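Only one structure is covered here, and it is reproduced in the block below.
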Amino acid sequence: MKDKQDCFLFVYGTLRYEAKGKMSALLSGSASYLGEAHFQGKLYRIDYYPGVVASDHPEDLVVGDVFQLQSPDVTLPELDDYEGIGPAYEEPYEYERYLLPVTLTNGQTMRCWIYLYRYPVEGLERIADGDFLAHQGA
């Protein structure tokens, strides 16, 4: 990846800095934690994990964490596999990775990779405050 921005990742669920899991530990070991941020979207509980869809409404904010990936060419394919994206999985994929703007708590906006949920959200529980970990006790 040639663009410096290609090495930033925004996570909002099981990969967050304070999440307790194998993949969050893998991410913490292969990336530098830059801090909390938010994305303009709506957060839903899918199962034991969340999904985000983008929103045009400024009040729809999802809380997450930004990481700078040390080796994005290695880490992003691993994360794609974790999210069920790639030739080993049946399309349409549940998630798709996009490079979109997020805002750090200091007000700085930056473009980060984010996994957006692609399936219908009708009937899913919306997490209105946008903070998945606050509802997980993590």
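The values are calculated or read from the model by the stated rules, or taken from the named source; none is laboratory data. Note that the structure is a prediction, hence the values are computed from the model and not measured. Glycine also receives a Cβ, built like all others from the backbone with ideal geometry; neighbour counts cover every protein chain displayed. These area figures cover heavy atoms from the full protein model, side chains too; ligands, DNA and RNA do not enter into them. Shrake-Rupley method; radii C 1.70, N 1.55, O 1.52, S 1.80 Å.
Observations on the structure shown:
- Gain in span if fully extended, H135 to M110, counting 0.36 nm per residue against the direct Cα distance: 6.4 nm
- Alpha carbon centroid spacing (whole Å) that separates segment 38-63 from segment 67-122: 13
- Ordered by 1.4 Å accessible area with all protein chains kept, T14, T105, T75 run largest first as T105, T14, T75.
- Sulfur and carbon atoms: percent of accessible area, the chain [1.4 Å]: 49
- Restricting the trypsin sites (Lys or Arg not before Pro) of segment 1-97 to loop positions (DSSP other than H, G, I, E, B) with no more than 16 neighbouring Cβ atoms within 10 Å leaves K2, K20.
- For segment 1-63, averaging the sequence separation of C-alpha pairs within contact (under 8 Å, six or more residues apart) and dividing by the residue count gives a relative contact order of 28 percent.
- GNM result for the chain, Cα springs below 10 Å: residue of D65, D47, D73 fluctuating most strongly: D47
- Net charge of the neighbourhood of K42, taken over other residues with C-beta under 15 Å away and scored Lys/Arg +1, Asp/Glu -1, is -4.
- In a reduced charge model with +1 at each Lys and Arg Cβ and -1 at each Asp and Glu Cβ, the chain shows a dipole moment near 340 debye about its Cα centre.
- Our summary gives the chain a relative contact order of 32 percent, counting only alpha carbon pairs under 8 angstrom and 6 or more residues apart.
- The chain - Rg over Rh from alpha carbon coordinates, Kirkwood radius: 0.93
- Gain on full stretching of the segment that runs from D56 to D73 - 0.36 nm per residue minus C-alpha separation: 3.0 nm
- Comparing Y49, Y95, Y82 in a Gaussian network model of the chain (Cα springs below 10 Å), the most mobile by mean-square fluctuation is Y82.
- Exposure check, 1.4 Å probe, all protein chains in place: H57 carries approximately 100 Å² of accessible surface.
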